[in-house]
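To keep things clear, I will list the structure first and then write my remarks on it.
The values are calculated or read from the model by the stated rules, or taken from the named source; none is laboratory data. Please read these numbers as outputs of a predicted model, since none were measured by experiment. Counting neighbours? That spans all protein chains shown, and the Cβs are built from the backbone with ideal geometry, glycine included. Calculation scope for accessible area: heavy atoms of the full protein, side chains included, ligands and nucleic acids excluded. Shrake-Rupley method; radii C 1.70, N 1.55, O 1.52, S 1.80 Å.
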Amino acid sequence: MFKINGKRVAALGFLILVLILGKRFYSGLAGVQDIKANANKIVIGAETWPGYLPLFVAADAGYFKELGLDVEVKLYAGLGELSKDYMSGKLQGRANLTLDALDERSKGLDHKIVLAIDYSNGADAIVANKRIKTVNDFKGKRVGYEPGTLEEFFVSWALLQNGLTLDDIVPVFGNPEETMEFLKLGKVDIAVTHEPFLSQLIASPHLHLVYASSDAPGLITDILTFRSDFLNAYPAAG
């Protein structure tokens with residue numbers, strides 16, 4: 001397990017880390033002869049979060065193909081669409097969040113955690129224009145986030161820690177890439193975001209970071225989950 005934060009990571013060190021973790025994802029499916037013999041394409045969904053990069057490395061480097069497995073890692077712009085496809089069975093697995101995994105289970109999905117990927121230590125954050133100094137200043141302001149996802153949970157948590165709720169803000173819905181653009185264009189005052197969008201936003205002289213996952217250690221944990229119907233059909237995968 002490793003930390004992801006908003007600071008620049010040395011290129012060589014990060015590359016080594018990615019390769020090691022890519023191999024770890026690969027080795028997690030080692031020995032699955034029943035999958036090789038019977039399964040069609042295995043599709044794993046992932047959102048645009050740096051901690052999920054090892055999945056794409058494992059696929060692009062051919063680690064899965066070495067086992068005779070046809071694995072596609074499908075990229076999603078937002079968590080909502082990713083969860084929808086996973087729930088409907090279009091994906092066998094997904095790079096997940098503990099929060100989303102519990103929510104999906106409460107909605108009736110039988111699935112299992114097979115790997116802890118990382119925890120966020122600053123790369124999930126809330127960015128605002130510089131007129132807004134603290135979370136207490138969010139009251140009555142336009143806040144961009146993706147509803148029903150981690151972004152909504154995260155801003156709700158930040159508000160709660162400061163005696164506010166979602167009823168105290170004006171929500172503007174969009175996925176992290178869209179809300180980044182909303183903030184740049186002044187369509188919202190605040191945006192809930194994560195890397196790689198976070199670094200782009202705080203590079204602007206007119207914007208700054210107000211609240212980050214480093215202010216709530218352990219709140220956001222990333223995991224890899226698979227649907228139980230897939231694991232039951234191919235038990236060696238678990």
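Numerical summary
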{"read-out": "Residue match in segment 77-99 (condition: in contact with a helix residue (DSSP H, G or I) (Cβ under 8 Å, 6 or more places away or on another chain), farther than 17 Å from Leu231 by Cα, charged (D, E, K, R) and not in a loop (DSSP other than H, G, I, E, B))", "value": "no"}
{"read-out": "Some residue of segment 202-211 being within 17 Å of the chain's Cα centre (by Cα), of a type in the set (Gly, Ala, Ser), open to solvent by 50 Å² or more (accessible area, probe 1.4 Å) and over 12 Å from Ile126 (Cβ atoms)", "value": "no"}
{"read-out": "Residue match in segment 92-104 (condition: among the hydroxyl-bearing types (Ser, Thr, Tyr), closer than 18 Å to Pro147 by Cβ and either at pLDDT 90 or above or touching a His at 6+ places or on another chain (Cβ under 7 Å) (or both))", "value": "no"}
{"read-out": "Pair list, Cβ under 9 Å, 6 or more apart: segment 57-70 residue surrounded by fewer than 17 Cβ atoms within 10 Å (Cβ to Cβ), other residue modelled with pLDDT under 90 and outside any helix (DSSP H, G or I)", "value": "Asp70/Ala39; Asp70/Asn40; Asp70/Lys41"}
{"read-out": "Residue identified as over 16 Å from the mean Cα position of the chain (by Cα), crowded, with 17+ Cβ neighbours inside 10 Å and closer than 21 Å to Pro54 by Cβ among Phe197, Phe230", "value": "Phe230"}
{"read-out": "Some residue of segment 150-164 being among the hydroxyl-bearing types (Ser, Thr, Tyr), exposed (fewer than 14 other Cβ atoms within 10 Å of the Cβ) and over 16 Å from the mean Cα position of the chain (by Cα)", "value": "no"}
{"read-out": "In segment 131-145, residue surrounded by the most Cβ atoms within 10 Å (Cβ to Cβ) [restricted to those that are of a type in the set (Val, Ile, Thr) and closer than 22 Å to Leu185 by Cβ]", "value": "Val143"}
{"read-out": "In segment 79-102, the residues that are charged (D, E, K, R), touching a Leu at 6+ places or on another chain (Cβ under 9 Å) and surrounded by fewer than 20 Cβ atoms within 10 Å (Cβ to Cβ)", "value": "Asp85"}
{"read-out": "Inter-residue pairs, beta-carbon under 9 Å, first without any contact (Cβ under 8 Å) to a residue 60 or more places away in the chain and under 13 Å from Arg142 (Cα atoms) and in segment 180-202, second open to solvent by 50 Å² or more (accessible area, probe 1.4 Å) and of a type in the set (Asp, Glu), 6+ apart", "value": "Lys187/Glu181"}
{"read-out": "Gly148 farther than 14 Å from Asp189 by Cβ and either in contact with a strand residue (DSSP E or B) (Cβ under 9 Å, 6 or more places away or on another chain) or small (Gly, Ala, Ser) (or both)", "value": "yes"}
